[in-house]
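Presented below is the structure to which this report refers.
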Amino acid sequence: MPRTSYPFSRFTEDDIQKFASGNHFDLFTLFGNHPMEHDGFQGIHFAVWAPNAKAVSVGGNFNGWNQSSHPLFPRWDSSGIWEGFIPHLQQGELYKYFISTRDGKILEKGDPYANYWEKRPKTASITWNLGYEWKDQDWMFNRKNVNSLDKPISVYELHLGSWRRNPISPDDFLSYREIGDHLIPYVKELGFTHVEFMPILEHPFDGSWGYQPIGYYAPTSRFGNPQEFMELVDRLHQAGIGVYLDWVPSHFPLDAHGLFQYDGTCLYEHEDHRKGYHPDWNCYIFNLGRNEVKSFMLSNAVYWMEKYHIDGLRVDAVASMLYLDYSRKQGEWIPNIHGGRENLESIDFFKTLNETLYSRFEGIQTIAEESTSWPGVSRPTSHGGLGFGMKWMMGWMNDSLSYFQRDPYYRQFHQNEITQSLTYAFSENFMLPLSHDEVVHGKKAIVSKMPGDEWQRFANTRLLYLWMFSHPGTKLLFMGNEFGQTSEWNYHLSLDWHLLQYPFHSGLSKFIAELNKLYTSNPALYDLAFSNQGFEWIDFNDHGNSVISYTRKGKQADQNLVVILNLTPIPRNNYRIGLPDSQKRTIILNTDSGEFGGSDYNLAQPKVEEIAMHGRRYSVELTLPPLGGLVLVPDKA
C-alpha cells in the first residue's frame, strides 16, 4: 500500500477561520474520511484535529495496523489539523489514528468524525461513503406544515435495542430494516405522528442506553450500516411519520479509543474537573468555551438533519449544561466571570445551535429536556430566550404521576397537584413526557404505579392518558406504556408483546389509538396548544368528588371540546357541569368503554339545558363512570 501522499489541504482559509471562531457548521464535509481523486489516483483523504500531538498516522487492516507507514501531515498554520491522502483505499476499511503524545505515549483513537464504526466491543472506525437516493421528497417538501407547533405532535419514544428482539434468538438485535418492517405499521395503527429514537449515536456500552456516545457522526452499527438507518428514516417519512433523535451534547465517556484526552491532553473536555467531569454519570463534559469543540458539536447537529433528514433533536440533559453547580456541592464548581452559577458558554451554544438549525432547515424542531425553571427555554433568541421549539414539561409529569399514584380516597386532599400545571402551562412551548425515565430504576411501569386491583390500575392509566392528551402541549409516550407493560423497562430484553393477548392490555392499546385519533382530528387540542386562549377551566374546585372539568378551545368556536374527569372509582350520577353555550353535545370518548377494558357503565347522551351552573347560563347533567373520563364535542348534525 502506498504511503500517505505529500500534504495538501481540503480546508480553505475561511474554513480554518470559522473552525477557530466556533462558527463552522459543516465540518463533516472536511474532517474524517472522504473518498476522492488526487494526482490521478482514487483513494481516501483523512483529517483530524490533534493540536498537541507530536505525530499522527493512520493504521488499519490495509497496512497491518502499522503505526508509522501512513503518516498524516500538520497544516502549516496553528490550526492543529493533520491531513493526508492514501491512494487505492476503498470503502469498508478498518482504521484508527495513532497519535504520538508529547509525553511519549502512542494513543489508538477512533475518528471523531467517522460515519461508521465496528460493532461493539470492537472499536475501529470504518471508511464509508454516505451516498443514498432518498425517496421522501413529499415529506420534506411538506414538513413545515406537519411538524409545526400549530399541528398535532404525538411522539412514540423507543429504544431500538429493546423494542423488539429477534424472536428466534432473543439475544440478537433486529436490523434497521427489520425494525422498520414492524415499527412502521405499528406506529401507523396507533396513530402516533412521530417516533423518537433514544440515542443511536455510536456508543460502546449497551447499559448507557446510548447516552454515553463516542461516535457522534455515526448511527450505531448494532443494527446495520448508515444507509440502512437512512432507509429506516426514509420509510418512516414515506409513511407520514416524523423522526426525532435524542441528542447528547453534554458529555462523553472515558473509553480509551474515544474523545477523552484525544491528543494526550484535555482537548474536547475541560481540564479542571470542577467544570470537566460529571459525577453523576462518570463522564467528561464538553468544553464548549473552546471554539473548535463548539464547531464540532454544531456541525454534528447540522449533520443529522442534512445527511439523515432528521426532523428534530430532543436535546438531553440541558439543565446539567446550564448550571455550573449542577449536582455539585459548594467548592466543587467554578463560578462564571460574573460570580454566578449560569454556564455562559452553554447559553451561547444553545442560542447558536437553535438559530443555526432553524435558519438552515425548514420545518424542524428542537426540544429541550430542561428540568428547572430556567426562563425562556422555548422563546426566540431575539427575545432573550434559548431558541428551542419546545421544552419537556417535567412539572406536569411529576405532579400528575404523584397524584395518580395516590389512593383515590386521598386525592380529594391533593387536587392541586393535578391542576397546578395550568398556572404555568403557557410560559413555554411544553411537551408532556411520559418517557423512559419514568419506568426504570425502581420507579415501576406506568400501569404498575397505579393503586387498586387490576381493573382500577388500567382505569387509572386510561384516565391519566386522557388527562395527558387533553392537556395543553404536545405529547410523548415511551414504548410499552401504550399497552400496559407491567414490568420496568429492561434495555437488554424485548418488550412483553405477549401481554396484548389479554383484554386489559389490548384494550389499552385500542384506547391509545383512539386518543391519537381524537388528538389529531380535533384542532381544539392542538392549534392553540401554547396559548391560554386554548384552555378554560369549567370547575377545578370539586375536591370532595375529585372531579375536574375544562374546555379545550380551537380557533373556531364549533371546535371546542369539553372534558370531564372522575378521579375516583365511585360513579357520579346526575352530575351537572356548566357549558360555554347552548350547543347540543355528544360524548365522543369514554375511557370506561368496554372496548378499552372499562366497565361500560350505562351512559345516556347528554341533554343541554338552560340551567345556570359554574357561572354559565347553560349546563348538562351527566353520568360520570368510575375512574372515567368523558369528552364532549359540539353536535354538528
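Summed over the stretch 576-611, the residues that are at positive phi and open to solvent by less than 60 Å² (accessible area, probe 1.4 Å) give a count of 1.
Total residues in the stretch 12-47 satisfying the condition of being outside any helix (DSSP H, G or I), closer than 19 Å to Ile126 by Cβ and open to solvent by less than 20 Å² (accessible area, probe 1.4 Å): the figure is 9. The residues in the stretch 141-158 that are assigned to a loop (DSSP other than H, G, I, E, B) and either among the basic types (Lys, Arg) or in contact with a helix residue (DSSP H, G or I) (Cβ under 7 Å, 6 or more places away or on another chain) (or both) can be counted, and the count is 2. The set of residues in the stretch 119-147 being farther than 15 Å from Lys475 by Cβ, under 23 Å from the mean Cα position of the chain (by Cα) and buried (at least 16 other Cβ atoms within 10 Å of the Cβ) consists of Asp136, Trp139, Arg143, Val146. Give the number of residues within the stretch 184-232 that are touching a helix residue (DSSP H, G or I) at 6+ places or on another chain (Cβ under 8 Å), of a type outside the set (A, V, I, L, M, F, W, C), open to solvent by less than 10 Å² (accessible area, probe 1.4 Å) and part of a loop (DSSP other than H, G, I, E, B). So the count comes out to 0.
Restricting attention to the stretch 98-118, the residues that are open to solvent by 20 Å² or more (accessible area, probe 1.4 Å) and over 24 Å from Asn300 (Cβ atoms) total 6. So is Asn354 more than 19 Å from the chain's Cα centre (by Cα) and surrounded by 23 or more Cβ atoms within 10 Å (Cβ to Cβ) or not? No. Among residues of the stretch 473-487 that are among the acidic types (Asp, Glu), those with a Cβ under 8 angstrom from a residue that is open to solvent by 10 Å² or more (accessible area, probe 1.4 Å), sequence gap 6+ or separate chain, pair up as Glu482/Ser509.
For the stretch 561-575, the condition of being without any contact (Cβ under 8 Å) to a residue 60 or more places away in the chain, crowded, with 16+ Cβ neighbours inside 10 Å and over 30 Å from Tyr502 (Cα atoms) holds for at least one residue.
Within the option set Ser521, Ser448, Ser435, being at pLDDT 95 or above, over 30 Å from Gly544 (Cβ atoms), polar (S, T, N, Q) and open to solvent by 10 Å² or more (accessible area, probe 1.4 Å) holds for one residue only, Ser521.
Annotation: of all residues in the stretch 369-388 being within 18 Å of the chain's Cα centre (by Cα) and either open to solvent by 60 Å² or more (accessible area, probe 1.4 Å) or among the aromatic types (Phe, Trp, Tyr) (or both), the one that is farthest from Ile347 (Cα to Cα) is Ser371.
When Gly554, Gly598, Gly629, Gly544 are screened for being within 34 Å of the chain's Cα centre (by Cα) and more than 24 Å from Gly534 (Cα to Cα), only Gly598 passes. With the structure loaded, tell me whether Tyr262 is within 16 Å of the chain's Cα centre (by Cα) and farther than 30 Å from Ser373 by Cβ or whether it fails that test. When the stated conditions are applied, Tyr262 does not pass them. Could you go through the stretch 407-424 and let me know if any residue there is modelled with pLDDT of 95 or more and more than 28 Å from Asp542 (Cβ to Cβ). Within the stretch 407-424, not a single residue is modelled with pLDDT of 95 or more and more than 28 Å from Asp542 (Cβ to Cβ). Of all residues in the stretch 236-246, those satisfying the criterion of being in a helix (DSSP H, G or I) and either surrounded by fewer than 20 Cβ atoms within 10 Å (Cβ to Cβ) or hydrophobic (A, V, I, L, M, F, W, C) (or both) are Leu236, Gln238. One residue stands out among those in the stretch 189-214 that are acidic (Asp, Glu) and farther than 12 Å from Leu158 by Cβ: the one that is farthest from the chain's Cα centre (by Cα), which is Glu189.
Between Lys307, Lys329, Lys294, the distinction of being within 25 Å of Leu254 (Cβ to Cβ) and open to solvent by 40 Å² or more (accessible area, probe 1.4 Å) belongs to Lys329 only.
When the stretch 429-442 is filtered for residues that are free of Cβ contacts under 8 Å to residues at least 60 places away in the same chain and part of a loop (DSSP other than H, G, I, E, B), the ones remaining, listed by number, are Val440, His441, Gly442.
His543 meets the conditions (1) touching a helix residue (DSSP H, G or I) at 6+ places or on another chain (Cβ under 6 Å); (2) at pLDDT 95 or above; (3) open to solvent by less than 40 Å² (accessible area, probe 1.4 Å) in every case but one. The failed one is (3). Listed conditions (1) touching a His at 6+ places or on another chain (Cβ under 9 Å); (2) open to solvent by less than 50 Å² (accessible area, probe 1.4 Å); (3) in a loop (DSSP other than H, G, I, E, B); (4) not acidic (Asp, Glu) are all met by Ser402, apart from (3). Residues in the stretch 118-140 that are assigned to a helix (DSSP H, G or I) and in contact with an Asp or Glu (Cβ under 9 Å, 6 or more places away or on another chain): Trp139, Met140.
The values are calculated or read from the model by the stated rules, or taken from the named source; none is laboratory data. None of these values were measured; they are calculated from a predicted model. Neighbour counts run over all protein chains shown; Cβ positions are idealised from the backbone, glycine included. Ligands, DNA and RNA are stripped out before the accessible areas are found, and what is left, the full protein with its side chains, is counted by its heavy atoms. Shrake-Rupley method; radii C 1.70, N 1.55, O 1.52, S 1.80 Å.
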